[in-house]
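These notes are about the structure you will find just below.
The values are calculated or read from the model by the stated rules, or taken from the named source; none is laboratory data. Since we're looking at a predicted model, the values are computed, not measured. Here the Cβ positions follow ideal geometry from the backbone for every residue, glycine too, while neighbour counts run over all protein chains shown. Note: accessible area is taken over every heavy atom of the protein model, side chains too, but ligands, DNA and RNA are not part of it. Shrake-Rupley method; radii C 1.70, N 1.55, O 1.52, S 1.80 Å.
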Amino acid sequence: MSAPPEMPELVTRALRMSLERGYVQTSRSETGRLLATLAATRTGTIAECGTGCGVGAAWLRSGAPKATRVITAELDPELAHGVMEMFEHDDIDVLHADWTTLADHAPFTLIFIDAGTARTTEREQIVDLLGDGGMIVLDDFVPTASWPPIVAGRIDSLRQAWLSDERFACVDVMVAEDTSVLIAVRR
Ligand SMILES: C[S@@+](CC[C@H](N)C(=O)[O-])C[C@H]1O[C@@H](n2cnc3c(N)ncnc32)[C@H](O)[C@@H]1O
């Protein structure tokens, strides 16, 4: 049996930044490999809401076709400027901004957002950024097999809303024992 594929160099760099800054919210590699695979199907512009230390953006850039634009927004100035510098020559547009300002660059063919950030906003605000056939990847859910999705004794209403939305084909993918990701594609 051969070893799993190497980490892309961009991802290694971003992981190093996470380690150096003690940043623990970074996307896991299982999610990252999924992102790169999905990004490989995308033309136009891909957006990430919440850059962190750039790990998600690095996976997206590594998978996406060269002509596909990757743009990411981060509210924290130190993180945003650190990632901007790190990716200065890597064809990733990093904004120090609230992710809602990404609307100026829409429509997107793929949006990557974590559940925590997504819960702070109206879902329709995200839906409006996606073109036909546009895909959204929502990270950081707690796996559950129940319907409606129940976590810690409460219905996960964000997950329920995406999975029930007739405008989307949507799937809940358990990428690791402790993490589930939603992938929704606009019909
Ligand atoms: C879970 S982390 C993101 C991890 C990152 N996507 C990755 O792949 O490693 C969430 C990030 O979103 C940022 N954030 C929170 N609210 C935001 C907002 N309204 N606009 C932009 N960034 C935001 C936080 O500062 C934090 O760095």
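Things to note:
- The GluC sites (Glu not before Pro) of the stretch 1-67 that meet both conditions, a loop assignment by DSSP and at most 14 other Cβ atoms within 10 Å of the site Cβ, are GLU6.
- When the chain is treated as a Gaussian network with alpha carbon springs shorter than 10 Å, the biggest mean-square fluctuation among ILE111, ILE92, ILE136 belongs to ILE92.
- Charge dipole (the chain, unit charges on Cβ, about Cα centre) - positive-most of VAL94, CYS170, MET17: CYS170
- Each part gets one Cα centre, and for the stretch 83-141 versus the stretch 46-75 those centres are 9 Å apart.
- Accessible surface of the stretch 9-186, 1.4 Å probe, proportion on carbon and sulfur as whole %: 52
- DSSP-loop trypsin sites (Lys or Arg not before Pro) across the stretch 58-106, with at most 15 other Cβ within 10 angstrom: LYS66
- Mean residue ellipticity at 222 nm, helices only, the chain: -9000 deg cm²/dmol; runs of at least 4 DSSP H residues each add -39,500 (n - 2.57), and the sum is divided by the number of residues.
- For the options GLY32, GLY63, GLY22, a Gaussian network treatment of the chain with springs between C-alpha atoms closer than 10 Å singles out GLY22 as fluctuating the most.
- Kirkwood hydrodynamic radius of the stretch 9-186, Cα pairs, Å: 16.2
- Per residue, the chain exposes an accessible area of 50 Å² to a 1.4 Å probe, with every protein chain left in place.
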